[in-house]
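Below is one structure, written out as structure tokens; the observations come after it.
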Amino acid sequence: MEALYSLCDRFSEFSVSSQWRSLLDLYLLIEKETTSFQQTYGVACPPGCGTCCEHFVPELTELEASMIGAYLLFVKQDPSVLARLDAYEASSGTCPLYNPDSPYHCTVYPVRGMICRLFGACPSEDKFGNPIFRKCKYNTDVQSPVLLDAKDFGTGAAVVTTMRKLSVQFSALEPLAATLPIADAVMRSLSRLQFIAAHMGSDSHDDDNGGSDPLVPTPTPLAS
Ligand code: SF4
Ligand code: SF4
């Protein structure tokens, strides 16, 4: 995380820097809450499991994608990952950032998106607004509970209330944000980041871009 906060400092002249910082702060809180949930209710993923990433292509907001793009370009600096994203075939059904050969599987683990942090690791709400948790169908850990519901969580369970608050905070970071499949979202962010990197430390980006900050997510217009 230190390298990521340093990255925010490096980009401090651009407004996205403070958005990245808020996103990272939120990711830390989510980590704390999901860990606490898993410990309290005995939920665990088997060591080395990454089957969800093999059968899932996450969608990301523009801000999440730019955080991943910045991590790939300026922290990880692994051209093979960029090449894999570029060549990605959406029909594969596997996340392009999944690496079956790594014990950790996720190539961008420190900056993975919100959905990846929550999947299999926290309760959601049923259609009546009651807390519910179902064990991931790939989870072979026999100690993990298969189902937890309102009778297990109790009224006003802290973890549920906290996760709801964190979801609201996440939505507030990018109101009306649209999402894109991860490869498209990250590739789009990379071209913006490369543009910015080429103009770091000069004022020329203002002139080239009509005075606007190219890393600020453009609000999505409301459908009329
Ligand atoms: S970004 Fe990482 S955690 Fe999320 S689906 Fe892809 S490989 Fe899995
Ligand atoms: S959420 Fe399911 S598939 Fe993903 S790592 Fe955990 S047990 Fe494996």
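Table: residues versus (1) aromatic (Phe, Trp, Tyr); (2) modelled with pLDDT of 95 or more; (3) in a loop (DSSP other than H, G, I, E, B); (4) under 20 Å from residue 163 (Cα atoms).
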| site | (1), (2), (3), (4) |
| --- | --- |
| 14 | yes, no, yes, no |
| 17 | no, no, no, no |
| 36 | no, no, no, yes |
| 40 | no, no, no, yes |
| 44 | no, no, yes, yes |
| 48 | no, no, yes, no |
| 52 | no, no, no, no |
| 68 | no, yes, no, no |
| 102 | no, no, yes, no |
Any hit, segment 23-30, residues being over 14 Å from the mean Cα position of the chain (by Cα), closer than 28 Å to residue 137 by Cβ and more than 16 Å from ligand 2 (Cβ to nearest atom): no
Residue 132, sole failed condition from (1) closer than 17 Å to residue 53 by Cα; (2) touching an Asp or Glu at 6+ places or on another chain (Cβ under 7 Å): (1)
Test for residue 94: is it among the β-branched types (Val, Ile, Thr), within 21 Å of residue 119 (Cβ to Cβ), in contact (Cβ under 8 Å) with a residue 60 or more places away in the chain and surrounded by 12 or more Cβ atoms within 10 Å (Cβ to Cβ): no
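Looking only at segment 125-155, count every residue that is hydrophobic (A, V, I, L, M, F, W, C) and touching a Lys or Arg at 6+ places or on another chain (Cβ under 6 Å) and tell me the total.
So the answer is 2.
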In segment 111-120, the residues that are more than 6 Å from ligand 1 (Cβ to nearest atom) and either in contact with a strand residue (DSSP E or B) (Cβ under 8 Å, 6 or more places away or on another chain) or within 15 Å of residue 60 (Cβ to Cβ) (or both): 111, 113, 114, 115, 117, 118, 119
Within segment 52-81, tally of residues that are within 10 Å of ligand 1 (Cβ to nearest atom) and either more than 26 Å from residue 170 (Cα to Cα) or among the β-branched types (Val, Ile, Thr) (or both): 2
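This table checks each residue for (1) basic (Lys, Arg); (2) under 22 Å from the mean Cα position of the chain (by Cα).
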{"site": "121", "(1), (2)": "no, yes"}
{"site": "127", "(1), (2)": "yes, no"}
{"site": "143", "(1), (2)": "no, no"}
{"site": "152", "(1), (2)": "no, no"}
{"site": "158", "(1), (2)": "no, no"}
{"site": "162", "(1), (2)": "no, yes"}
{"site": "172", "(1), (2)": "no, yes"}
{"site": "178", "(1), (2)": "no, yes"}
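The values are calculated or read from the model by the stated rules, or taken from the named source; none is laboratory data. Quick caveat: nothing in here was measured; it's all calculated off a predicted structure. As a convention, Cβ positions derive from the backbone with ideal geometry for all residues, glycine included, and neighbour counts pool all protein chains shown.
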